[in-house]
Amino acid sequence: MQDPNLTPEIPPAVEQQPAPQAAPAGADATPETTVEVMPGLEEALRIAELKAAEHHDAWLRAKAEGENIRRRAQEDIAKASKFAAEKFATSMLPVKDSLEAALSVENQTVEKLREGVELTLRQLVSAFEGANLAEENPLGQKFDPNKHQAISTVEADAEPNTVVSVLQKGYLLNDRVIRPALVMVAKARSQ
């Protein structure tokens, strides 16, 4: 038998929960009150659709902006290509004017004609410098097949593979060959 002075032990797994409280008077304890507290599936779907539409709209705007940037870049490239020679052409106009003025003089002396041609040549050289067009005159230099075109080889006192004669000067535009120099190159004398 059990000792009447001992109280019965409650197992630890059993916890006492507070008794449910009665709803206040006039409150309706129906499932609709639960929907107000926690959004339903329809509300979650509506919110997700709004967010998806917002993201889709932002994506469309970004795509359109990217296309506009690409189109403007293509237009800029086309304009740059079309008007690339504008600066050079502008610097060539005084050269043309000088040549026309020289030809328009009726009774010209050789000295005056030469003076006018020299002035015109200085204008032309200035225009070339403004356009980064450099002259390649390799006389006495080592032959460089990247910048020179050998017409022939000749026996000469110079070291073999040296340019001994320039038949036509070459030109470089921003260090890029646009016309190679036509040269004659030295070869070793035969014994």
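Just so it is clear, none of the values below were taken in a lab; they were calculated from the coordinates. None of the values given here were measured: they were computed from a predicted structure. Positions of Cβ are backbone-derived with ideal geometry, glycine not excepted, and every protein chain shown enters the neighbour counts.
Could you pull out every residue, at least 5 positions away or on a different chain, whose amide H is within less than 5 Å of the one on T153? Hs are placed 1.01 Å off N in the peptide plane, and Pro or chain starts have none.
V185
Mind running the shape call on segment 35-191? Use the C-alpha gyration tensor, a ≥ b ≥ c as the square roots of the eigenvalues: rounded below 1.5 for a/c, prolate if a/b tops b/c, oblate otherwise.
Details: a/c = 7.78, a/b = 2.27, b/c = 3.43.
Verdict is oblate for segment 35-191.
Largest first and to the nearest Å, give the Cα extent of segment 132-191 along each principal axis.
45, 15, 14
Distance in nm between label sites at E86 and D157, each 7 Å beyond Cα in the beta-carbon direction?
Distance between the two pseudo-spin positions: 5.5 nm.
What order, most packed first, do the peptides 121-129, 179-187 have when packing is the mean number of other Cβ atoms within 10 Å of each residue? Spell out each step's value before the answer.
Working: 121-129: 14.8, 179-187: 19.3.
Ranking, from highest mean packing down: 179-187, 121-129.
Relative contact order for segment 132-191: what is it in percent, counting Cα pairs under 8 Å that are at least 6 residues apart?
Working: 144 pairs, mean separation 26.3, N = 60.
In percent, rounded to a whole number, it is 44.
Shape verdict for segment 42-82, please, from the Cα gyration tensor: rounded (a/c under 1.5), prolate (a/b greater than b/c) or oblate.
Working: a/c = 10.93, a/b = 10.51, b/c = 1.04.
Prolate is the answer for segment 42-82, as a/c is 1.5 or above and a/b outweighs b/c.
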